[in-house]
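One structure below.
Values in this text are rule-based calculations from the coordinates and carry no lab data. Computed from a prediction, not measured in an experiment: that's the story for all the values here. Glycine gets a Cβ as well: all are built from the backbone with ideal geometry, and neighbour counts include every protein chain shown.
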Amino acid sequence: MARFGMAIDTVRCVGCMDCVVACKTENSVPEGFNRDWIATEVTGTFPTLHMEIRSERCNHCDSPPCVHCCPTGASHVHDVGGVVLVDYDKCIGCKACVASCPYGARFINPSGYAEKCTFCIHRVEQGLLPACVSVCPTHCMHFGDLDDPNSEVSQLLASRNHHSLLPEAGTKPRIFYLT
Ligand code: SF4
Ligand code: SF4
Ligand code: SF4
């Protein structure tokens, strides 16, 4: 089985937010909420400062607390690519998953269920790339199978320095930031 993930090149990202707009449009994300967002982080000491710009979303963690805590089984690991999804019909909107996610990746849709990035599984299952990946004008986002050593994501991770977010949380995120 594939294990989908992303490698996102922070050197190429210019923070244009095309990925954010594409996601909102593709997934009809309600007003006031986002499935992806741009984060900036400044490190170093003046005048030697470095700013990292990142497109962030659910990390589709290998050890997802949002799945482990869900009382109804609504939050689950999908058969295809191990993507973490929510079965909206089973969700009771209890917010346990929202509280458990250390990345703030989830919100409660005004209709009462938990929502977040799906890795655009509806597109991927048709052989398309996730909407955010497909529109990026600098081609900084790469999506694919982390378990295939020949995939573009695996090759990038093998050849570039990278990090993931909050590794100390023990969630084993599957989005990696190339530096
Ligand atoms: Fe769950 Fe948050 Fe990990 Fe996504 S990033 S799988 S919502 S814990
Ligand atoms: Fe499960 Fe829904 Fe509660 Fe999240 S809000 S833990 S998906 S029942
Ligand atoms: Fe949104 Fe799809 Fe990108 Fe996830 S993969 S952030 S759902 S466009």
**Report entry** Cα gyration tensor category, rounded, prolate or oblate, for the stretch 68-144 with a/c compared to 1.5
**Finding:** prolate
**Report entry** Spatial separation of Cα centroids for the stretch 42-74 and the stretch 84-162, in angstrom
**Finding:** 12
Requested in this report: Mind putting a number on the dipole of the chain about its Cα centre? Charges go on the C-beta only, +1 for Lys and Arg and -1 for Asp and Glu, and I need it in Debye to the nearest 20.
Outcome: 260
Report summary line: So for R0 = 45 Å, FRET eff. of residue 159-residue 46 from the Cβ-Cβ r, to 0.05, ends up at 0.90
Report summary line: Measuring from the longest principal axis of the C-alpha atoms of the chain, the long axis of helix 18-27 (C-alpha) lies at a number of degrees, nearest 10, equal to 20
Query raised in the report: Each label point is 7 Å from the Cα along the Cα-to-Cβ direction; what then is the distance between the points at residue 166 and residue 3, in nm?
Result: 2.1
Report summary line: Taking the chain and counting helices only, DSSP H stretches of n ≥ 4 at -39,500 (n - 2.57) each over all residues, the nearest-500 ellipticity at 222 nm comes to -4500 deg cm²/dmol
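If each residue of separation counts as 0.36 nm, what is the full-extension length gain between residue 11 and residue 95 once their alpha-carbon separation is subtracted? Could the numbers behind the result be given before it?
Values: separation 84, 0.36 × 84 = 30.24 nm, distance 3.51 nm.
The residue 11-residue 95 span can extend by a further 26.7 nm.
Let me have the relative contact order for the chain, percent, based on Cα pairs under 8 Å that are six or more residues apart.
On the way: 339 pairs, mean separation 57.6, N = 179.
Once normalised by length, the contact order is 32 percent.
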Report summary line: With +1 on the Cβ of every Lys and Arg and -1 on the Cβ of every Asp and Glu, the dipole magnitude of the stretch 83-173 about its Cα centre, in debye rounded to the nearest 20, is 320
